[in-house]
Amino acid sequence: MHKLDIRKKLYLLSLIILGSCSPANETDLIDSCADPESGLCDESNVINEENVSSVHPIILPGAPGEESQRIDPITATNIASTSYVKADVNFLQGMIVHHKQAIQMSNMADKRTNNKIIIDLANRIDSSQEDEINFMENWLVSREEKISYMHADQHDHQMAMSGMASSDELLDLKNSKSTDFDKLFLRLMINHHDGALKMVKDLKEYPGTTHDPILNEFVSDLVNDQGVEIERMNGIAVNLSDDPRSRLLPGLFDAGEAIKNLKLVKTLKKPVGFYNPSNPKAKGVKKINDEGDDKDHENKTTEELSKSLRSPILSFANTDMAFRDNLLVTGSYHGFNIYEINTNGIPELLSSVVCPGGQGDVSIVEDLLIMSVEETRSRLNCGLEGVSEEASLDRFRGIRIFDISDVYEPRQVGAVQTCRGSHTHSVVSGPGTSGKIVIYNSGTASVRDEEEMEECIGNIAGDSRTALFRIDIIEIPISNPSESRIVSSPTVFADPNTGALGGLWIGGDHGDDTQETSRTDQCHDITVFPSANLAAGACSGNGILFDITDPYNPERIDVVTDVGFAYWHSATFNNDGTKIIFTDEWGGGGRARCRAWDPLDWGANAIYDIVDGKLEFRSHYKMPAPQLETENCVAHNGSLIPVPGKDILVQAWYQGGISVMDFTDSSNPKEVAFFDRGPIDKDILITGGYWSAYYYNGYIYGTEITRGLDVFELIPSEYLSKEEIYQASEAYPLYGPKAFNPQQQIPLGWSDIKKLQINLSE
């Protein structure tokens, strides 16, 4: 907060204090008005000799049964101006303690580091926090409220406020020097500032708080200034990191790059028709009604600057991938692209299909391409004009089916409308002898209007027909996809004892300093492992293990939660089906969640062993390089790299890049390779980075949301030998065709034994 602003507020407070100490007259008030624009000098606000006394009584009633009392006009006026509640007082009393600890930490800098940037930062924090403490104390005194703060070394009181450093942490800071001090100081101070923002958030949950205009302005300035300062400190912390991914230059196609134990084989830009040539970054435009001051640019957080821009109407974001033989299909919010993979691993574009609707997750079964569609603007006929009506028979949300037997002329041959659209889907079985493909559909959007689909019931209390708390089981006849249909929508989250549909996580957080998670009424991903009759559901607030022996009746056999998870996003089995990696998509993929102060168990992976049909937690893993606020970064889609005797995962982290993790020891995962680019833009966050990273036939393919498609090879290192890399490239499915579909795992083998012939549809 600027010193000038604080001093102005202190001056105004002094006027209030003076006015409350003695009767005021017009002359005294006008003489004390230094700022005519403040409103304090309006004639309507002046109490003069004519209205100090009154010929009629002014009554202040007591509580029921208590006597009333007479009061004078000045007292009556002061009662009317009472504009604070007890929560305001408690907040300021606590914030004073909070600020004093920041000063305590800042005062350590001079004797423990020679880093001028850190020393200057500490001095600024010391000065600004002192000014703010003076304001808060004067605000309390002017209202005859106790300051009643405790000393910053009183641990119990500290821990009642968000972001306060513990006694041990303060001791560690005191005993550290040089770069160690710099890193710890930044981590503690960022967390401290973030805690102050949480205290403001908690304050505003109480009705009637910050009604006082002076206090409201102070709180607003505190939020803005501390938010900006957090970003500045994160930038300093990133520059102190030894990880080469932390200091990459921004750019669309000329961004800085960092790579370890990988070779970038080829980068393919998006095909024509799948990006806007006049806006290749997909950068938003200023909102029409935005009254923000461009001159105040540096006093706004990256998030504020980014939110001030309206995203493009049509989205060209690349999404998921599927493989069959030498075909690669990349999904998109705009449709999909079909590539042929050459012997050198490099894809060659064959055709593009424009069919907007998001999110465009894809699977390939024989000559059918299955595609998830969730957005309300999608049309049944793939039209580009969108659907404006609230309810329309032209709108499509659900599963599209395309015939790609002619890869140059794909045709839409089937479509299944669903109540909540389709965010993702999982190929469970088929076609087999039954001639039918069975898929699980996961819809995460709001329930569509009954006028579009009469069977779609929203969240109506007591109505068991609701489309919430379900998954869809869909049959696709391979000989006639136009007859594809939903065969059932089981209530997989129900309480087995009461039958209540919402039987799992009800929403909210798990206590202090934990994530707030939406209720479990849908699954984002359900990954099936048919040969073991298992499925793993990443379902909003829970991780779930299913028995799918009967694929039409999945049975829930275990459920887990994680206090650090905001949104259970995806699941990956190891090749033996004895472990599961769940991911947390904290921030939904559109926010920066790999900053220097972000917890390592938030927006991370959670690794579980399957023991006697139960999930046993082993560890968390998060891409280790700190990133900037201009980079959306959080755990996302990945796949196994089939190295014999090891559990290796390659994973997309949006603008955190690609990370390869060895989780052979479930309790001690370690990074073995990575690739990353700098942010798309230096000032604002533009959603980009890797949506998916999958290993297929010896290569890693990554769909880059904004930039295109990348191809990588592993290179020998202390983690993976040349022979292990070769063995991975020679792996093949133990049953079925050479293929890879997201949310479907087929165990892989490495020997020349005869492939098992397993018919999962029977």
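Derivation of every value follows stated rules applied to the coordinates shown; laboratory data play no part. Not measured: the values here are computed from a predicted model. Here the Cβ positions follow ideal geometry from the backbone for every residue, glycine too, while neighbour counts run over all protein chains shown.
Only Cα sites of segment 525-672 enter the Debye sum here, all with the same form factor; the resulting log10 I(q)/I(0) across q = 0.09, 0.10, 0.21 1/Å is -0.26, -0.32, -1.30, listed in q order. Separation of segment 574-645 from segment 490-525 is 21 Å, based on Cα centroids. Here's the picture: charge each Lys and Arg Cβ at +1 and each Asp and Glu Cβ at -1 in segment 128-282, and of M233, L197, P207 the one pushed furthest to the positive end of that dipole is M233. Kirkwood-type hydrodynamic radius, segment 328-464: 15.9 Å, calculated from all non-identical alpha-carbon pairs. Put simply, the convex hull of the Cα atoms in segment 603-762 casts, on average, a shadow of 11.2 nm².
When the Cα convex hull of segment 376-418 is projected onto planes of every orientation, the mean area is 3.3 nm². Ellipticity at 222 nm from helices only: DSSP H runs of n ≥ 4 in the chain, each -39500 (n - 2.57), divided by the residue count, give -7000 deg cm²/dmol. Normalised radius of gyration (Cα atoms, divided by 2.2 N^0.38 Å) for segment 482-593: 1.12. For segment 185-282, state what percent of all Cα-Cα pairs lands in each successive 10 Å bin, counting from 0 Å until the bin that includes the largest distance. Here the calculated profile for segment 185-282 is 12, 25, 21, 21, 16, 4, 0. Pull up all non-local amide H partners of L534: gap of 5 or more, or a different chain, and H-to-H distance under 5 Å with H placed in the peptide plane. Residues meeting the amide H criterion: F529, I548.
Mind checking the full-extension length gain between I117 and R485? Use 0.36 nm per residue of separation minus the Cα-Cα distance, one decimal, nm.
Extending this stretch completely gives an extra 126.2 nm.
Taking the charge dipole of segment 400-534 about its Cα centre, with +1 at Lys and Arg Cβ atoms and -1 at Asp and Glu Cβ atoms, the residue from A532, N497, T433 reaching farthest to the positive side is T433. Sorting 425-434, 94-103, 252-261 by their mean Cβ neighbour count within 10 Å, with the most densely packed peptide first, gives 94-103, 425-434, 252-261.
Remark: spin-label model distance E455-R310 equals 3.8 nm, labels positioned 7 Å along the Cα→Cβ axis. Projecting label points 7 angstrom from Cα along Cα→Cβ for N533 and T77 puts them 8.3 nm apart. Note on K100: aspartates and glutamates with a C-alpha under 16 Å away, same-chain residues under 8 apart excluded, are D126, E130, D131, E132, E137, D153, D156, E169, D194.
Magnitude of the charge dipole for the chain, about its Cα centre and with charges confined to Cβ atoms of Lys, Arg (+1) and Asp, Glu (-1), is about 2220 debye. With all pairs of separate Cα atoms included, segment 677-736 yields a Kirkwood hydrodynamic radius of 13.8 Å. Note on segment 560-629: Cα-only Rg and Dmax are 12.9, 43 Å. Would you mind checking the pairs K183/K722; K266/K614; K269/K579; K260/K286; K183/K670 and listing those with alpha carbons more than 32 angstrom apart? Correct reply: K183/K722; K266/K614; K269/K579; K260/K286. Legend: calculated FRET efficiency, K266 to Y726, from the Cβ-Cβ distance at R0 = 30 Å, rounded to 0.05, equals 0.90. The residue among Y735, G163, I71 whose Cα reaches farthest toward the positive pole of the charge dipole of the chain, with charges on the beta-carbon of Lys, Arg, Asp and Glu, is Y735.
A Förster radius of 22 Å, combined with the Cβ-Cβ distance separating L197 from S166, puts the computed FRET efficiency at roughly 0.70. With the simple spin-label model, which puts each label point 7 Å out from Cα in the Cβ direction, the E217 to K286 separation comes to 2.6 nm. Here the peptides 436-443, 124-131 are ranked by packing, the mean other Cβ count within 10 Å, and the order with the highest first is 436-443, 124-131. Along its three principal directions, the equivalent ellipsoid of the chain from the Cα gyration tensor extends over semi-axes of 55, 31, 25 Å, largest first. Protection proxy ranking of 322-333, 716-727, 183-194, by the mean of other Cβ atoms within 10 Å over each peptide's residues and highest first, is 322-333, 183-194, 716-727.
What the Kirkwood sum gives for segment 518-569 is a hydrodynamic radius of 11.1 Å, with every pair of different alpha carbons counted.
Against the chain, whose longest principal axis comes from its Cα atoms, helix 86-106 is set at around 80 degrees. Using a Förster radius of 41 Å, what is the FRET efficiency between D550 and F253 based on their Cβ-Cβ separation? Nearest 0.05, please. The pair D550/F253 has a calculated efficiency of 0.25.
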